[in-house]
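Below is one structure, written out as structure tokens; the observations come after it.
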Amino acid sequence: HMPSFLRNNDVQNVLPVAPADYPAALQGMLWLDQTGAFGESSIPAGVSAPDLAISMGDTDYHRFDPATRTVSVSILGRAWQWQNTREGMSFFREAESTFSHYEFVFSDDFESCQIYPHLKLPFGLTFRVPTAAVSFTMTLQHPAAGACPPRANSSTAEVVRCAKWRRDSRVLQLIPGLSKALGDFVYFAYEIVDNERQPIEPYFSAYLEWADANSRPDALVAAAEGFDTSRSLDGADGLQGGTSFVGDGAAAESSTWSASAQLAWRWIRDGATEDWWWEHVGWGHGGSGGGRPA
């Protein structure tokens with residue numbers, strides 16, 4: 001994959017928006033506030049993925065299927081924005097060899113969504129991770145009339161009620177006692193740009209502040225990870241602050257079998273323990289590492 005850079009304040013013009021015939025729940029651009037920078041999050045520090053905004057508009061990768069109420073989004077494609085940091089670049093490259101996409105399956109009324117991670121398998125196949133292992137869900141929120149946008153002095157509870165979606169993560173539900181002990185990890189996704197590409201405040205400004213604070217270009221890391229910092233979608237220079245990147249969505253299956261097989265083999269070889277999994281794989285986006293919640 002060959003990522004391209006963009007200015008954080010130009011995301012509304014760069015990420016693809018969903019076609020007009022998509023349900024309203026799928027439209028616009030969402031900022032995944034995993035750290036609770038604007039509202040709140042129960043994801044432990046250091047575990048969140050280094051991504052920023054997403055959309056459901058990458059129709060070159062997949063189109064929404066109204067019969068199954070399903071759309072798939074590639075984290076390596078044009079509709080998934082990543083921080084221009086060492087962590088962002090490393091996470092992206094690690095995901096290339098093992099991760100395929102997220103499958104969003106919406107309820108009949110589009111009030112909720114089950115998100116299935118798909119891992120890469122040989123011969124272009126993918127493995128849909130069962131909810132018994134990891135369960136990612138989204139719930140559409142309906143704030144009271146007049147409650148949003150939140151006022152400048154609003155409490156955190158008032159702020160998160162204005163998010164478009166509540167995002168819940170549960171792990172290892174096949175072991176109920178352990179899953180209950182680990183708990184439910186929650187963050188909120190804010191609609192920062194509407195389907196007409198107009199920023200929505202105050203969410204867009206909050207996103208931009210966070211994105212710019214987490215833009216730390218590093219020429220040596222970029223070179224080591226194979227990033228061409230001159231490759232841009234809006235004239236951005238990947239060595240300047242205030243920038244981020246997206247992938248091109250191109251297929252890269254050559255190392256799939258090796259990476260997937262080696263990960264599974266190391267887990268079995270080392271005793272297939274839960275602690276090993278947390279240390280080497282993590283849970284947030286199916287990437288490697290990330291640590292275990294305290």
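The values are calculated or read from the model by the stated rules, or taken from the named source; none is laboratory data. Not measured: the values here are computed from a predicted model. Note that we place each Cβ from the backbone using ideal geometry, even for glycine, and neighbour counts take in every protein chain shown. Heads up: the accessible areas ignore ligands, DNA and RNA and are worked out on the full protein's heavy atoms, side chains in. Shrake-Rupley method; radii C 1.70, N 1.55, O 1.52, S 1.80 Å.
Out of the residues in the range 33-72 that are closer than 26 Å to Val221 by Cβ and of a type in the set (A, V, I, L, M), which is most open to solvent (accessible area, probe 1.4 Å)?
Ala45
Looking at Leu32, is it over 21 Å from Pro117 (Cα atoms) and in a strand (DSSP E or B)?
No; evaluated as a whole, the condition is false for this residue.
If we keep just the residues of the range 123-149 that are open to solvent by 30 Å² or more (accessible area, probe 1.4 Å), closer than 14 Å to Ser169 by Cβ and among the polar types (S, T, N, Q), which is modelled with the highest pLDDT?
Thr139
Could you identify the single residue in Thr85, Thr68 that is of a type in the set (Ser, Thr, Tyr) and out of contact with any strand residue (DSSP E or B) (no Cβ under 8 Å at 6 or more places or on another chain)?
The unique qualifying residue is Thr85.
Mind listing whichever residues of the range 54-112 are of a type in the set (Lys, Arg) and within 18 Å of Asn8 (Cβ to Cβ)?
Arg78, Arg86
Kindly provide the set of residues from the range 2-16 that are surrounded by fewer than 17 Cβ atoms within 10 Å (Cβ to Cβ) and outside any helix (DSSP H, G or I), ordered by number.
Listed by number, the list holds a single entry, Met2.
Applying the selection to the range 108-122, what residues are open to solvent by 30 Å² or more (accessible area, probe 1.4 Å) and touching a residue at least 24 places away in the same chain (Cβ under 8 Å)?
Asp108, Phe110, Glu111, Ser112, Leu119, Leu121
Working only within the range 1-35, note down all residues that are within 26 Å of Ser230 (Cα to Cα) and among the hydroxyl-bearing types (Ser, Thr, Tyr).
Ser4
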